[in-house]
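Read-outs throughout are calculated quantities, based only on the coordinates presented, and are distinct from any laboratory measurement. No experiment lies behind these values; they were computed from the predicted model shown. All Cβ positions, glycine included, derive from the backbone under ideal geometry; neighbour counts span all protein chains shown.
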Amino acid sequence: MSFGDFMSLMVLVAGVVGTGGIMAQVYRRRLEHKERIAELQVQGTLSAAPAGRSAEVEKLEQRLRVLERIATDKTTALASQIEDLRSPVN
């Protein structure tokens, strides 16, 4: 192997290593960008909940309170409350 061949090999290896480093940097920045976009989407989703959704949550909370009351109450009204819960949910 001559000196010229050796230098060519070194330039090639340095080019491959340099290109690999650049590609790793690009990949890392791309992942950071995707994480930032995901964070912004979550923040936007949580802060701007639709009005209909809060009504739905309130209805589910009300049903949960009734179920808790049924589970802890041993009165004769238990059967009527269970029948009330069997009505279809809209």
Once both labels are modelled 7 Å past Cα along the beta-carbon direction, what's the residue 8-residue 53 spacing in nm?
-> 6.3 nm
Can you tell me the dipole magnitude for segment 1-48 around its Cα centre, using point charges on the Cβ only (Lys, Arg +1; Asp, Glu -1), in Debye to the nearest 20?
-> 160 debye
When averaged across all projection directions, what area in nm² does the alpha-carbon convex hull of segment 1-48 cover?
-> 2.9 nm²
